[in-house]
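Below: the structure, in structure tokens.
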Amino acid sequence: MEQPQYLVAHLRRALAEDPRTAELGIGVTIRGDVVVLGGEVSTEERKQQLETIVREQLPQARIHNDVHVTRPGAPADSEALGSTDSERG
């Protein structure tokens with residue numbers, strides 16, 4: 001088995017370069033024979049694809065997928081657009 005730091009770099013590169021995920025912000029940690037994934041993605045499908053890619057690279061590894069799905073939402077406050085009295089004159 002590769003050294004953990006090389007394995008982490010290899011997995012991060014696979015997650016970034018695979019068109020199914022193309023994720024740069026996913027954390028990868030190796031703890032013994034467990035690969036821990038962390039970070040945020042926008043869909044449950046993307047989260048599962050991360051795990052699939054790791055399994056393809058390391059079929060024997062156990063995977064702890066701690067990636068959170070965060071759906072983008074509408075802003076809480078509205079922003080007023082337009083000129084103000086001080087801008088007019």
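The values are calculated or read from the model by the stated rules, or taken from the named source; none is laboratory data. Computed from a prediction, not measured in an experiment: that's the story for all the values here. In this analysis, Cβ positions are derived from the backbone assuming ideal geometry, glycine residues included, and neighbour counts consider all displayed protein chains. All accessible areas refer to the heavy atoms of the entire protein, side chains included, with ligands and DNA or RNA removed. Shrake-Rupley method; radii C 1.70, N 1.55, O 1.52, S 1.80 Å.
Round to a whole number: what % of the accessible area of the range 4-69 belongs to carbon and sulfur, probe 1.4 Å? Before the final figure, lay out the partial values.
Values: 1850 of 3870 Å².
The computed percentage sits at 48.
FRET efficiency for the residue 8 to residue 70 pair, using the beta carbon distance and R₀ = 30 Å, is estimated at 0.80. Between 8, 42, 21, the Cα set farthest toward the positive side of the dipole of the range 4-69 (charges on each charged residue's Cβ, about the Cα centre) is that of 8. The charge dipole of the range 4-69, taken about its Cα centre with unit charges on the Cβ atoms of Lys, Arg (+1), Asp and Glu (-1) only, comes to about 160 debye.
Dividing the mean sequence gap of close Cα pairs (under 8 Å, 6+ apart) by how many residues the range 4-69 holds gives a relative contact order of 32 percent.
Measuring between their Cα centroids, the range 7-33 and the range 43-68 lie 9 Å from each other.
Between residue 51 and residue 22, the modelled label-to-label distance comes to 2.4 nm, taking each label 7 Å out from Cα in the direction of the beta carbon.
The Cβ shell under 9 Å around residue 39 holds other residues with a net charge of -3, Lys and Arg each +1, Asp and Glu each -1.
For the range 62-67, the Karplus equation 6.51 cos²θ - 1.76 cosθ + 1.60, evaluated at θ = phi - 60°, returns couplings of 8, 10, 10, 8, 9, 7 Hz by residue, with Gly and Pro reported as x. Residues in the range 1-45 near a label at residue 62, defined as backbone nitrogen under 11 Å from the 7 Å Cα→Cβ point? Inside the label zone: 31-35.
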